Amino acid sequence: MTISTIVFDAYGTIFDVAGAARIASAEPGGEALAENWETVSRDWRIKQLEYTWLRTISGNHVDFAHVTADALTWTLEKSGLSDPDLRARLLALYDTLPAYPEAREVLADLKAKNRNVAILSNGSPKMLDSAVTSAGIADSLDAVLSAEEAGVYKPDPRVYDLVLERFGCQKQEVLFVSSNFWDVAGATGYGFTTAWVNRSGEPRDRLWSRPTHVLPDLTHLAEFADAPA
């Protein structure tokens, strides 16, 4: 069976989640971040993901904007940077995170091959709309699917269900692409063909399933999209 639908995670896969802290650290008023923006960015991301998992397990759902803000509040307090203006600026930058350099061309190429191309993200619809518009990739996407529609976060199978509901395809027709190994593990276990974008050369997590493909970035993704599932 051939791949008809290529679905991308958003944060860390298409959009550079380190971008908000990196940009803020170079702006006037962001001097306090200059020496530790990488640590702040990493802690913010880890706490953000922890909150999504804990809220899904406990049944205490709030949208991703709320989770992201809560995670940032914790991170800034930990770092001794509890500045309301800095917090507001970082949250604003998160809504317009830069896309990775190759992302726009890769998405356009896949769209030109008459594939269904979509995002499936934990992000709330408003956050995703802002990021997609800012990156100039809307014309290359057939759908932007938010976990908010399911009321839970990945890797809950109900989130991956959204792809089949939207496109009417079979699991075997979907290539799911993510930089997050836990997300790839969830999608592989669900039945999707998967590609792990391992930009930093990390070892694989010891989880219940492995990705079908491993890539250093998105550049050669079309080769796998053209291969039989």
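Across the options 185, 170, 88, the greatest Cα extent toward the positive end of the charge dipole of segment 87-197 (unit charges at beta carbon of Lys, Arg, Asp, Glu) belongs to 88. Restricted to Cα atoms, segment 19-94 shows a radius of gyration and a Dmax of 12.5, 41 angstrom.
Proximity of backbone amide H atoms, modeled 1.01 Å from N, is registered between residue 17 and 12 at under 5 Å, excluding neighbours fewer than 5 places apart on the same chain.
Pairs of Lys residues in the chain are counted when their Cα atoms are under 20 angstrom apart and they lie 8 or more places apart or on different chains; the count is 6.
If you wrap the tightest convex hull around every Cα atom of segment 113-160 and split its volume per residue, you get 75 Å³. Most tightly packed first, judged by the mean number of other beta-carbon atoms within 10 Å of their residues, the peptides 79-88, 152-161, 166-175 read 152-161, 166-175, 79-88. Across all directions of projection, what mean area in square nanometres is found for the Cα convex hull of the chain? Over every viewing direction, the Cα hull of the chain projects on average to 11.9 nm². For residue 112 and residue 208, a Förster radius of 25 Å and the Cβ-Cβ distance give a FRET efficiency of 0.10, rounded to the nearest 0.05.
Under unit Cβ charges (Lys, Arg +1; Asp, Glu -1), what dipole magnitude, rounded to 20 debye, does the chain have relative to its Cα centre? The dipole magnitude comes to about 500 debye. Go through 48, 69, 37 and say which Cα lies farthest out towards the positive end of the charge dipole of segment 19-94; charges sit on Cβ, +1 for Lys and Arg, -1 for Asp and Glu. Checked the options; the winner is 48.
Placing a label point 7 Å from the Cα of residue 139 along the Cα-to-Cβ direction, none of the residues of segment 3-28 has a backbone N under 17 Å of that point.
Computed from the coordinates by the stated procedures, all read-outs in this text should not be read as laboratory data. This structure is a prediction, so every number in the text was calculated from the model and none was measured. When we count neighbours, we look across all protein chains shown, and the Cβ atoms used for this are built from the backbone with ideal geometry, even at glycine.
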